[in-house]
Amino acid sequence: MIGACRQRSPSTKTPDSPASFCDLVRKPNTYNSGAVRVQGILIGYHETALYDGTCDPNVKYIRTDFDGSSRRKLVDGVNRLGGTGFQRGNFWANVVLVARLEKIPDADCTKTSVESGMPGRSYVNFCYRLIVSDVSQVSAAPANVEWPK
């Protein structure tokens, strides 16, 4: 058998383990337009995003768009956390999502924020978005993850 001769490359990631926010940001072409399981910190309420302030100084958010049933699973999962999944009026939870990654054209994401018209406030200008089809895990965000500045 030819397959028996193949050696597995050393990796800490198993085929069933989800990709991280950093995986998506560092290698978007690997995931673009394909289905992916991804783990990360979800923030927001009306407009939600995965958040990580440590991977790339220019990309701290990936927009997340939920259909009705996946949004319901998210809300139910956050409710089960008894308050720890909601902070400062926003979802703040560690999630595993099943989604399709889409890269937003570079011309649309060259500025990482857009002025909102209110002093000191701006909107995030996303470079990627996840079209979420399922929420497979919701847990409390780790205590060592800092709130965005």
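Where residues in segment 52-85 are at pLDDT below 95 and touching a helix residue (DSSP H, G or I) at 6+ places or on another chain (Cβ under 8 Å), which of them is nearest to V98 (Cα to Cα)?
Across segment 52-85, the extreme among qualifying residues is I62.
Condition test on V96, is it in contact with a strand residue (DSSP E or B) (Cβ under 6 Å, 6 or more places away or on another chain), surrounded by 15 or more Cβ atoms within 10 Å (Cβ to Cβ), aliphatic (A, V, I, L, M) and closer than 23 Å to A35 by Cβ?
yes
Quick one: C127 ticks every box in (1) at pLDDT 90 or above; (2) closer than 14 Å to L24 by Cα; (3) buried (at least 16 other Cβ atoms within 10 Å of the Cβ) except a single one, so which number is it?
Result: C127 fails condition (1) only.
Need a quick list: strands (runs of 3 or more DSSP E) entirely within segment 15-89 having at least 2 residues that are without any contact (Cβ under 8 Å) to a residue 60 or more places away in the chain.
35-44
For the structure I just gave you, tell me whether V114 is farther than 14 Å from L24 by Cβ, modelled with pLDDT under 95 and assigned to a strand (DSSP E or B).
In short, yes.
Please name all residue pairs, on different chains or six or more residues apart, with Cβ atoms under 7 Å, provided the first residue is in segment 123-137 and is within 11 Å of A49 (Cα to Cα) and the second residue is part of a strand (DSSP E or B) and at pLDDT below 85.
Pairs that qualify, where the first residue is within 11 Å of A49 (Cα to Cα) and the partner is part of a strand (DSSP E or B) and at pLDDT below 85, are V124/S113.
Scan segment 6-24 and give yes if some residue there is surrounded by 14 or more Cβ atoms within 10 Å (Cβ to Cβ) and at pLDDT below 90, otherwise no.
Here is the first cut: in segment 6-24, the ones surrounded by 14 or more Cβ atoms within 10 Å (Cβ to Cβ) are 18-24.
When the remaining residues are screened for being at pLDDT below 90, the result is none.
Within segment 6-24, none of the residues are surrounded by 14 or more Cβ atoms within 10 Å (Cβ to Cβ) and at pLDDT below 90.
So that you can scan it fast, the table gives a plain yes or no per residue for (1) among the small types (G, A, S); (2) over 12 Å from the mean Cα position of the chain (by Cα); (3) on the phi < 0 side of the Ramachandran plot; (4) surrounded by fewer than 18 Cβ atoms within 10 Å (Cβ to Cβ):
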site	(1), (2), (3), (4)
R26	no, yes, yes, yes
N29	no, yes, yes, yes
V38	no, no, yes, no
L50	no, no, yes, no
I62	no, no, yes, no
S70	yes, yes, yes, no
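The values are calculated or read from the model by the stated rules, or taken from the named source; none is laboratory data. Bear in mind that the values here come from a model prediction, so they are computed numbers and not experimental data. Reconstructed Cβ throughout: ideal geometry from the backbone, glycine too, with neighbour counts over all protein chains shown.
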